[in-house]
1. For the range 439-450, give me each residue that is of a type outside the set (A, V, I, L, M) and either at pLDDT 90 or above or open to solvent by 40 Å² or more (accessible area, probe 1.4 Å) (or both).
2. Identify the single condition in (1) open to solvent by 20 Å² or more (accessible area, probe 1.4 Å); (2) over 24 Å from Leu473 (Cα atoms); (3) at pLDDT below 65; (4) touching a Lys or Arg at 6+ places or on another chain (Cβ under 9 Å) that Leu164 does not satisfy, given that it satisfies every other one.
3. Give me a count of the residues in the range 398-418 that are exposed (fewer than 12 other Cβ atoms within 10 Å of the Cβ) and among the small types (Gly, Ala, Ser).
4. Being under 12 Å from Thr189 (Cα atoms) and assigned to a loop (DSSP other than H, G, I, E, B) is the filter; apply it to the range 217-236 and report the residue that is nearest to the chain's Cα centre (by Cα).
5. Has the range 420-427 got at least one residue that is open to solvent by 20 Å² or more (accessible area, probe 1.4 Å), under 22 Å from the mean Cα position of the chain (by Cα) and either modelled with pLDDT under 90 or of a type outside the set (D, E, K, R) (or both)?
6. Enumerate the pairs (first residue in the range 264-285 and assigned to a helix (DSSP H, G or I) and open to solvent by less than 70 Å² (accessible area, probe 1.4 Å); second residue anywhere and at pLDDT below 85 and of a type in the set (Phe, Trp, Tyr)) with beta-carbon separation below 9 Å, excluding pairs fewer than 6 apart on the same chain, so at least 6 apart or on different chains.
7. As an exercise: evaluate Ala305 against (1) more than 60 Å from the chain's Cα centre (by Cα); (2) crowded, with 17+ Cβ neighbours inside 10 Å and give the number of the one condition it does not meet.
8. Consider Leu311 carefully, then state whether it is outside any helix (DSSP H, G or I), open to solvent by 20 Å² or more (accessible area, probe 1.4 Å) and over 30 Å from Ala443 (Cβ atoms).
Amino acid sequence: MIVCGDNALAQRLTKELATVYGQRLCVVLPSLRGGDHGPQIAALVGAESLSVRAVETHVPDDGALRAAGVEDAAALALTSGDDQLNIHIALRARRINPRIRLVIRMFNRTLGRYLEDLLDRAVEVNHPDVDPAALDASTTVLSDADTAAPSLVAAAIVGSDKILSADGLLLRAKERTLGTMDQRRPLCTLALLPDTSDADEGEADEEEEDDQGPVLLPPDAALRELPPSRGAVVLEAITRPRPRPGAGRARRLPFQPLKELFSRRLRYSLAAMGAVVTSLAAVNWWMTGGSPVHASYIVLLDFFAINDPKLDEPYDQQVLQLLAGMAGLMMLPLLLAVVLESYGAFREAAALPDPPRGLSGHVVLLGLGKVGTRVLDRLLEMGIPVVCVDRDPEARGMAHARARRVPTLIADVTDSGVLEAAKIKRSRALLALTSDDGTNLEAVLYARQVKPELRVAMRLFDDEFANTVYRTLRDTYPHAQTRSRSVSALAAPAFAGAMMGRQVLGAIQVGRRVLVFAVVNVRANSLLEGRTVAETFREGTWRVLALDVARPGERRTDLSWMASADASELEWELHPGYVLRPRDRVVVAATRRGLGTLLAAGPDHGLPPLNPPGPAPPS
């Protein structure tokens, strides 16, 4: 297998595939001695227990890909943050090896779908006899930002759900107590939360000797012996809400554009001026006895000072002309005010608004990069007010914040007064999601001083550093919630599962540990075939959640329909004594190591066979 990239995701993905799945790997990166994560990857290359080698090149051209073994490789992961670079490498690799499995990191969802269809069609044209299941796994486009956004939002918002997305909302991981689970009828219990308030969130790497943090995939028998007040994370099936006819179209008043363009004082002034002109026209009509149109015309000529003086007319006509001329003089400053307010309104529409004076109960979001943009989307979908802070006026999420009229401060969060301007004292949570660990930590520590009980969630890469920060903040502020999340740690299991050729539905983070949801074929899997559902369960390792009972010829290529109203082909309430047949396929929730063990027990389906563990070839 090949991993291209020099970033946090490439480093974690390499470690995941080498340690959990036992695969032979080649990492393509600019340098092992420099770069963002070259030294960390070099440590994996130098480990004798791992089969990892490296190819150093600044440009992953055809020569570099061939040196990495792309012609015989089972899978290639492209982890660069540059969508265009990933597309370029994917097209090169598909041309050299049409049967290679591609896992591509992309932020642009629409472009990702088009690219996935294009690359799958290339396999179908070159190999029309390929198995549909293998074709479905030939190209996978994933986004680390989409994978991490639900967990980051859930870490900051109390009572919010951890959603597993697959073409819509499908599954929901909800924190409940054991006493309320029977009323909700959850699908299963994913984890038991620590029973003490000072417990850790657990280690992200799932060390066996680590007994802190949540207990993943506990047996049902153990739940009956626990008190009803014990917290747990349960899995619930949800359906996609159907929009009501006409929903989402706000009623627009006839004069709504004028209200948005002009201030109330200016509108009242213009209305008063119109009333004055109308009154003068009515008086002129009464005095002359002519038609109303002619009387209005004469008054307008006097109003705009383009009529001849009425020297030979009666005194009442002369006075009326003078009054119309004086009203016309008052019209000049009103016209100037209209021009200035229109210009100001257009500038304000194109600019980012400041936080309103009375804003409260909002979330302060630091960083509008790829992850921050996705988190902002989810917060707005939930109807939660947000104040964004980013020092880069050209950040990826600035255009989105401007279009949604989200209050945004373009400033360095480490400067004094920035968090106060974001109304941090009246906020409900702080999300520090910049790409710099030091900036996130500094912002969180300062926010803790301003508001000690503030709920915070910060993005940190280094797990050891994150655990140290978490314990320190927990001990210093025991009554406040503090969470640390790593985007790459959450995204790596999904990328690794996709490289193994399995359909990964997503991942849910419980504390600092990750549960991966994947579709696994039962055929020839020694841990599944011929066993009952109860026998397949492994405490703390994996659990069968659902069974696809459709005939192989009628089976769909994905399971994004499984929580829809018409999901009769998928059985959620499995009988523990049901014996899994070779034609079945199951949806499992597993730890990272558990998924690796489960997949290793079955035959490799997909495009080329996966490389068995073994010594790395000479570089």
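1. Narrowing the range 439-450 to residues of a type outside the set (A, V, I, L, M): 439-440, 442, 446, 448-449.
Residues satisfying the conditions are Glu442, Tyr446, Gln449.
2. (1)
3. Total meeting the criteria: 3.
4. Ranking the qualifying residues of the range 217-236, first place goes to Leu217.
5. So far as the range 420-427 goes, no, none of its residues is open to solvent by 20 Å² or more (accessible area, probe 1.4 Å), under 22 Å from the mean Cα position of the chain (by Cα) and either modelled with pLDDT under 90 or of a type outside the set (D, E, K, R) (or both).
6. That search, which allows pairs on different chains as well, returns Arg267/Phe255; Leu270/Phe262.
7. (2)
8. Considered against the rule, which asks whether it is outside any helix (DSSP H, G or I), open to solvent by 20 Å² or more (accessible area, probe 1.4 Å) and over 30 Å from Ala443 (Cβ atoms), Leu311 comes out as yes.
The values are calculated or read from the model by the stated rules, or taken from the named source; none is laboratory data. Here the structure is a predicted model, which means the values were calculated and not measured. Cβ sites come from the backbone with ideal geometry, for glycine too, and all protein chains shown count toward neighbours. Only protein heavy atoms, including side chains, enter the accessible area calculation; ligands, DNA and RNA are left aside. Shrake-Rupley method; radii C 1.70, N 1.55, O 1.52, S 1.80 Å.
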